Amino acid sequence: MKERFLVSGGAPLSRSGKGDGAKNSVLKLMAAALLAEGTTTLHNCPEILDVPLMCDVLVGLGCEVDIEGSTVRIHTPAEVSPDADFDAVRQFRASVAVLGPLMARCHRARVALPGGDAIGSRPLDMHQTGLEKLGATTRIEHGAVVAEATALHGANIKLDFPSVGATENIVTAAVMAEGRTVLDNAAREPEIVDLCDMLNSMGARIDGAGTSTITIDGVQALRPTEHTVVGDRIVAGTWAYAAAITGGDITVTGIAPRHLHLALSKLKLAGAQVETYEHGFRVRMDGRPKAVDYQTLPFPGFPTDLQPMAIAIAAVADGVSVITENVFEARFRFVDEMQRLGADANVDGHHVVLRGVDRLSSTDVWSSDIRAGAGLVLAGLVAEGVTTVHDVHHIDRGYPNFVEQLRELGAEIRRVSDSKHAAN
Ligand code: UD1
């Protein structure tokens with residue numbers, strides 16, 4: 001059933017909220033549970049659509065999975081199937097995270113490739129080159145990536161770009177390879193650190209996670225573990241930008257503010273007062289935000305997943321902002337929707353120039369991916385009138401209880417299904 005959000009502009013966010021576990025971590029941790037026979041338990045899992053989808057993938061590979069609130073238990077059998085070429089895998093991009101664990105467990109894997117992505121092309125060449133360095137052959141065949149090896153051995157690997165997914169697949173493939181792997185130009189995202197922490201608690205020997213060089217000494221076998229998923233910096237960052245754009249005052253807990261350092265610094269430049277605590281932050285904004293330039297970069301740079309929120313705030317800021325996208329080439333597609341809300345935006349290649357306007361005005365807009373959808377909701381929170389955001393299934397893939405959480409923070413937003421009955 002198609003659902004949409006009705007967002008009323010004008011209410012400043014003014015309360016407190018607790019962040020959930022990170023989408024971009026939990027899915028990889030679930031895949032990593034394939035590495036050890038027995039029951040791996042994950043706490044602080046967000047209630048998002050991608051979690052049951054990943055459960056379906058794991059079940060298809062031979063696991064049993066129980067979900068109880070925010071705890072997910074994965075029971076991995078002695079033998080897992082290397083063949084992940086089925087519909088559940090094609091439904092979402094993160095399913096490719098089973099590639100590394102399957103190579104480690106089975107020395108072969110067939111993983112269906114997901115369909116086209118609204119934020120730009122997402123090739124797997126770095127994943128493949130990394131696995132080849134570890135001793136595998138790889139090919140794309142009938143819409144799946146196929147990798148095979150007689151044995152995996154340690155290697156020196158240098159990524160062309162610090163890809164999050166390639167770093168994860170190479171690390172998970174190398175944990176049980178013979179000898180030492182040194183991965184240079186590795187991604188440094190907090191979700192990589194979370195994955196390596198969990199793998200180490202399973203008996204892996206990984207050093208340097210969170211830096212550009214990760215060293216993995218292969219071990220014979222891993223054991224199951226119990227792990228708490230790191231807080232979601234993108235969801236927490238979304239609430240921070242929602243507070244700033246609405247002239248609000250919110251406190252968010254359950255997140256390490258150092259994971260959002262640059263995003264919060266940019267808010268300070270925009271005029272917000274930001275206080276940070278060990279496990280949270282407070283953002284307050286009085287009056288109109290100032291224009292600020294942003295450029296997205298791998299961590300610790302400004303996250304590409306918060307770029308739509310940066311565009312939303314720049315759209316109503318005092319002055320001209322330039323936003324540069326360096327990670328995904330097609331991520332500006334949603335700027336058309338921002339223009340429909342009255343944003344004065346000009347896209348030029350991987351830059352967008354925004355001349356802040358005094359006010360946006362409501363209309364119907366369509367989300368094209370998780371983060372673009374959230375950016376449109378933020379714009380709706382300050383647009384005059386009631387904005388209708390369509391295709392909200394994208395938002396539900398990445399934000400647990402999006403409407404409830406925003407309402408708890410003080411927003412006026414509700415979910416409506418096409419049958420016209422309000423769902424909440
Ligand atoms: C992950 C996140 C996504 C986030 C992104 C960057 C998940 C499920 N998704 O995506 O939310 O926006 O990190 O922080 O964790 N690339 C190649 N070849 C490859 C691999 C990547 O060219 O083999 C390119 C991509 O097309 C993209 C860039 O590298 O332009 C970054 O991609 P990557 O860091 O791999 O992102 P994902 O892991 O797909």
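What number comes out for the charge environment of Pro300, summing +1 per Lys or Arg and -1 per Asp or Glu over other residues with Cβ under 10 Å away?
Net charge around Pro300: +1.
For Asp217 and Ile140, calculate 0.36 nm times their separation in residues minus their Cα-Cα distance, and state this gained length in nm to one decimal.
Taking 0.36 nm per residue and subtracting the Cα distance, the gain is 24.8 nm.
Against the 2.2 N^0.38 Å scaling, with N counting residues, where does segment 260-347 land? I'd like the Cα-based Rg ratio to two decimal places.
Working it through for segment 260-347, the quotient is 1.10.
Based on Cα positions only, what radius of gyration and what Dmax would you give for segment 237-311, in angstroms?
11.3, 31
Expressed as a whole number of Å, what is the distance separating the alpha-carbon centroids of segment 200-220 and segment 322-396?
Each part reduced to its Cα centre gives a spacing of 40 Å.
Taking the DSSP beta bridges in the chain as the whole, what percent of them are antiparallel, to the nearest 5?
If we restrict to bridges inside the chain, about 75 percent are antiparallel.
Tell me, what is the per residue accessible area of segment 59-132 in Å², probe radius 1.4 Å?
Normalised by residue count, the accessible surface of segment 59-132 is 42 Å².
Taking the alpha-carbon distance from Lys290 and a cut-off under 22 Å, which lysines remain once sequence neighbours fewer than 8 residues away in the same chain are dropped?
Correct list for Lys290: Lys266, Lys268.
Rounded to the nearest 500, what is the chain's calculated 222 nm mean residue ellipticity when only DSSP H runs of at least 4 contribute -39500 (n - 2.57) each, over all residues?
The helix-only estimate for the chain comes to -8500 deg cm²/dmol at 222 nm.
Taking the alpha carbon gyration tensor of the chain, what are the square roots of 5 times its eigenvalues, largest first, to the nearest whole Å?
That gives 38, 22, 20 Å for the three semi-axes.
Which percent, to the nearest 5, of DSSP beta bridges fully inside segment 23-228 are antiparallel?
75 percent
Run down the lysines and flag those whose C-alpha is under 16 Å from the C-alpha of Lys158, throwing out any fewer than 8 positions away in its chain.
Hits, sequence-local ones excluded: Lys133.
Per-residue counts of other Cβ atoms within 10 Å, averaged by peptide: what ranking do you get for 91-104, 19-32, highest first?
The most tightly packed comes first, giving 19-32, 91-104.
What distance in nm separates the simple spin-label points at Arg180 and Asp160, each placed 7 Å from Cα in the Cβ direction?
About 2.8 nm, to one decimal.
Rounded if a/c is under 1.5, else prolate if a/b beats b/c, else oblate: with a ≥ b ≥ c from the C-alpha gyration tensor eigenvalues square-rooted, which is segment 23-228?
rounded
For segment 50-81 and segment 141-163, what is the separation of their C-alpha centers, rounded to whole Å?
If we compute the Cα centre of each part, the gap is 24 Å.
The values are calculated or read from the model by the stated rules, or taken from the named source; none is laboratory data. A quick note: this is a predicted structure, and the numbers were derived from the prediction, not measured. Here the Cβ is made from the backbone with ideal geometry for all residues, glycine too, and neighbour counts use every protein chain on show. Surface accessibility is based on the protein's heavy atoms, side chains included, excluding ligands, DNA and RNA. Shrake-Rupley method; radii C 1.70, N 1.55, O 1.52, S 1.80 Å.
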